[in-house]
Amino acid sequence: MSSRRFSRKWFSVTAVAAAATIALSGCTSTTSSGGASSTISKDDLVLVASVINTTNPYMASMIDGAKALSAKLGVPLEIVDSQGSSQTEISKIQAILAEGKKVALMVNTVASSDAPTIVNAVKAAGGYVVIWWNKPDELEPWDVGNNFVAFQKHSGVESGECTGKALADSLGGQGNVIALAGVQDSTTSQTRVAGLEEALKAYPNIKLLETRYANWDGQTALTETQNMLTKYPNQVNGFWAADDAMIIGATQAVQSAGLENSTKFVSDGLYPPVIDMMNSNFGNGAIVGETFHRGYMAAAIGLYTAYQAATGAIDPSTLPHEKRDSLFKLSCVTPSTLADYTKYDTDIAGWVDTLVQKGPWDTDPVPLVAGGPEKLPS
C-alpha cells in the first residue's frame, strides 16, 4: 500500500470518527472510566455483530454464531456488513448507536486502527463492545473502562507456525513458496505472517519468494496467485495463506494452470470448501495443513461476553487481565485429524447452549489459554 493511499484512508476514517463523536455528544454513558456500571434490561438491549464482509466464509460463520446466540438469549440482533471498508464499518455502527437502544457489540475490525474510534463511540453511547482479532496493542480494555469489555483472538503466531511447518514438511524441507497475507493494517495478518517466517527458520532450503496482500478475499487471492505463477514460472511449490478465503482463490488459480497435483497448500480456518477439498483428496492431497477455530464460536463468545457485561452478569473491572485481553485455543489440523474437529459444525445451536452454560472462557474446543497482547517472535 502506498503512503498516499494510506494517508487517504486515515483521513477518511478520522473524518467519520469526528462525525460519530458529534452525533453521539448527546448520548448518556452508563459508566465512567471503570468500576461498577449500570445494568441494562434485555428489553433495552440489541446485539450487534460487525463483520469485515459477508462473502468470506469465516465472516458468514460469524453471522451464524451471532444468530444462534440471539435466538438462545431472546435478544434482537443487527448485522453490520463493513464491505471491507473502515469508513463503512464505523458509519454503520455509529448509525445503530444513534438509534437509542443500548448495544452489546462484537466487532471484527477491518483494520487495527479502527478500534479506538469504535470503542470511543460505543462508550459515549453507553454500550458494551468486544473486539475480535484486530486492535493496536497499546489500546487495552482496562485503560478505557467497562464499556470496552474485552479483546479476544486466537494466536496468529501459533497459526503461522503450525501451517508453515506443515507446508515445509510436505515439501520435504525444500522448495519455493508464496505467502498470501490479509490486510496490511491487521495485527491478525501480521502475527500469522510472523509465525510463518519463524517456522521457516528451521527449513533453510525453503525459500519464501514473496508475501502478497490479498485482503482476506478469494478473488484478490486468485489474481495474486495468477500473477505469481506468471512471475515465477515452474518455480512455485507451495502456497501459504493467512486464511481460507485466500487459499480457495489460490487453489482455483493453480488448478486452472494445471498445477494442482504438484503444488501444496496450507491455510487458517478450515472453511467448508477446504474441508470438501481435503475429503475429496483435491490435487492428490494438496491441502496438507490447516488450523481449527470457528467464526461462529468467536462471534458467540464475543457477543456473550459483551452481553454479560451489559446485563451485569460480570463486572469487567474485576476481571483478571487475561479475561480482557485474551488468547483462545487454536488447534493444528491435518487430513488425518479432520474429523476430530468438524464434528462441532453439525450443531451450532448445541454448541451455543454449552457456551451459555459454561461461560465465554471455559467452553471446548476453544477455551481461554493465555492473556495478550500477543508477542511477535524475536
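A short reminder: the numbers here are calculations on the coordinates, not readings from a lab. Predicted, not measured: the structure shown is a model, and the values here were computed from it. Methodologically, a virtual Cβ is constructed for each residue, glycine included, from the backbone with ideal geometry; neighbour enumeration extends over all protein chains shown.
Below, the figures for the structure above:
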{"item": "With Cα atoms, 0 to 90° folded angle of helix 156-170 axis to the chain main axis", "result": "10"}
{"item": "Fewest-first ranking of 264, 231, 92, using other Cβ atoms within 10 Å as the exposure measure", "result": "231, 92, 264"}
{"item": "Length gained when the stretch residue 202-residue 234 is fully extended (0.36 nm per residue, less Cα-Cα span)", "result": "9.1 nm"}
{"item": "Gaussian network model of the chain, Cα within-10 Å springs - most flexible of 173, 359, 258", "result": "258"}
{"item": "Modelled FRET efficiency - R0 30 Å, residue 343 with residue 176, Cβ distances, 0.05 increments", "result": "0.25"}
{"item": "Nearest-20 debye value, the stretch 157-268 charge dipole, Cβ charges on Lys, Arg, Asp, Glu", "result": "380"}
{"item": "C-alpha long axis of helix 3-23 to longest principal axis of the chain, angle in °", "result": "20"}
{"item": "Distance in nm between pseudo-label sites at residue 44 and residue 227 (7 Å out along the Cβ direction from Cα)", "result": "5.1"}
{"item": "Between 0 and 90°, nearest 10: helix 295-311 axis offset from the chain longest Cα axis", "result": "10"}
{"item": "Value at 222 nm in deg cm²/dmol, rounded to 500, when DSSP H runs of n ≥ 4 in the chain each add -39,500 (n - 2.57)", "result": "-13000 deg cm²/dmol"}
{"item": "Virtual spin-label span in nm between residue 336 and residue 99, 7 Å along Cα→Cβ", "result": "5.1"}
{"item": "Fraction of antiparallel bridges per DSSP, the chain only, in percent to nearest 5", "result": "15"}
{"item": "Cα gyration tensor shape of the stretch 288-378, rounded if a/c is under 1.5, else prolate or oblate by comparing a/b with b/c", "result": "oblate"}
{"item": "Whole-Å distance, taken between Cα centres, linking the stretch 245-269 and the stretch 284-348", "result": "26"}
{"item": "Within a Gaussian network of the chain (alpha carbon springs, distance under 10 Å), most fluctuating of 41, 331, 70", "result": "41"}
{"item": "Average Cα contact separation per residue, the stretch 157-268, under 8 Å, 6 or more apart, as relative contact order %", "result": "33"}
{"item": "Label-point separation, residue 137 to residue 209 (7 Å along Cα→Cβ), nm", "result": "3.2"}
{"item": "Unit charges on C-beta of K, R, D, E only; dipole of the chain, Debye", "result": "560"}
{"item": "Cα shape, the stretch 193-256, gyration tensor, a/c 1.5 rule", "result": "oblate"}
{"item": "Surrounding net charge for residue 341, when Lys and Arg each add one and Asp and Glu each subtract one, Cβ distance under 14 Å", "result": "-4"}
{"item": "Positive-end residue, the stretch 157-268 charge dipole about Cα centroid, Cβ charges, pick of 186, 250, 206", "result": "206"}
{"item": "Where a label projected 7 Å from the Cα of residue 354 along Cα→Cβ would reach, residues of the stretch 290-306 with amide N under 19 Å", "result": "291-305"}
{"item": "Average Cα contact separation per residue, the chain, under 8 Å, 6 or more apart, as relative contact order %", "result": "19"}
{"item": "Prolate/oblate/rounded label for the chain (Cα gyration tensor, a/c 1.5)", "result": "prolate"}
{"item": "Potential lengthening between residue 362 and residue 276 on full extension [0.36 nm per residue; Cα-Cα distance subtracted]", "result": "28.0 nm"}
